[in-house]
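The values are calculated or read from the model by the stated rules, or taken from the named source; none is laboratory data. The structure presented is a predicted model; accordingly, all values stated were derived computationally and were not measured. With ideal geometry, Cβ positions are generated from the backbone for all residues, glycine too; neighbour counts draw on all protein chains shown. Just the protein is used for accessible areas: all its heavy atoms, side chains included, with ligands, DNA and RNA removed. Shrake-Rupley method; radii C 1.70, N 1.55, O 1.52, S 1.80 Å.
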Amino acid sequence: MEFNSNSGFMYAIVGGVVLFVLLQSVVFLIKAWKRGKELGMDAQALKKTAGSSAVFTIAPAFAILLGVIALSNALGFPLPWLRLSVIGSLTYETTAAAAAATGVGSTLAQKVTDPKIFAAIAWVMALGIVPGLVLVPLLGKKIENGVSRIKSKDSRWGQIFLSGLFLGMISAFLGLVFAHVTEGPTGWIPVFVMLASAVLMMILGLLRKAIKAKWIEDYALPISLLGGMALSVPITTLIQGIAG
């Protein structure tokens, strides 16, 4: 039988998993609503909280949808749909898939038709995120307590420690952005796309401050992500034209 990453079997498996996660979300929503009522929270406040949470959830989903579409060119639709709708993130899944494809001598620029290569990419995408699931419940509380102790002794050093953790995380992604700058003008494309997204975020921050529109905070991140993706097309065309 010829391998097909868009087979009905794949859709059935992924659809079942996604449905289970959706049911889980509904159960937790009902439980949270009941608990809020037990605590005496106003129904209007609960509706407002649920509404703002829904808006904040839907807006970033557009960026995730673009990620699914981008990965579906090489991996079909079901696998990216599963990874990005359940536990994965856009930055992790695309990086893991590209690294796995490169490791087995393939590329995401073309459709993966070899089942062994597809399986290798799928395993890397799935197993690579498992440590987070294991380490957070094991070490999360201890780290949180440690940070709290540092902040209680010296709030300034506590803030420095948290900033250091954040910058360490950002540095891991910056390594990917600057990885190919020595290869010529095309290696700078990710850098310019990152700067474009940063400029968009700065503009939204200034706009939020100028017109005092708090709702912009909920849309700033997805707008910056989508804007960066959209601007990557003319940026790539321009730089390739200069380099060519």
Take the residues in the stretch 200-222 that are open to solvent by 50 Å² or more (accessible area, probe 1.4 Å) and either outside any helix (DSSP H, G or I) or within 16 Å of residue 67 (Cβ to Cβ) (or both), then tell me which one is modelled with the highest pLDDT.
-> 212
Subset of the stretch 97-123 that is surrounded by 16 or more Cβ atoms within 10 Å (Cβ to Cβ) and of a type outside the set (A, V, I, L, M) - its residue that is modelled with the lowest pLDDT | 106
Residue 126 being in contact with a Lys or Arg (Cβ under 8 Å, 6 or more places away or on another chain) and surrounded by 18 or more Cβ atoms within 10 Å (Cβ to Cβ) = no
Wholly within the stretch 1-95, helices (runs of 4 or more DSSP H) carrying at least 3 residues that are open to solvent by 70 Å² or more (accessible area, probe 1.4 Å) and either at pLDDT below 80 or hydroxyl-bearing (Ser, Thr, Tyr) (or both) | 43-75
Are any residues in the stretch 174-184 open to solvent by less than 60 Å² (accessible area, probe 1.4 Å) and touching a residue at least 24 places away in the same chain (Cβ under 8 Å), and if so, which ones?
-> 184
Picking from 148, 197, which residue would you name as being in a helix (DSSP H, G or I), farther than 25 Å from residue 87 by Cα and open to solvent by less than 90 Å² (accessible area, probe 1.4 Å)?
-> 148
Considering only the stretch 96-145, state which residues are part of a loop (DSSP other than H, G, I, E, B), free of Cβ contacts under 8 Å to residues at least 60 places away in the same chain and of a type in the set (Val, Ile, Thr).
-> 104, 107, 129
Is it true that residue 195 is in contact with a helix residue (DSSP H, G or I) (Cβ under 8 Å, 6 or more places away or on another chain), within 24 Å of residue 89 (Cβ to Cβ) and among the hydrophobic types (A, V, I, L, M, F, W, C)?
-> no
Working carefully through the options 76, 88, 67, find the one that is touching a helix residue (DSSP H, G or I) at 6+ places or on another chain (Cβ under 9 Å), touching a residue at least 24 places away in the same chain (Cβ under 8 Å) and on the phi > 0 side of the Ramachandran plot.
-> 76
Taking residue 187 as the residue in question, decide whether it is in a helix (DSSP H, G or I), open to solvent by less than 70 Å² (accessible area, probe 1.4 Å), touching a His at 6+ places or on another chain (Cβ under 6 Å) and small (Gly, Ala, Ser).
-> yes
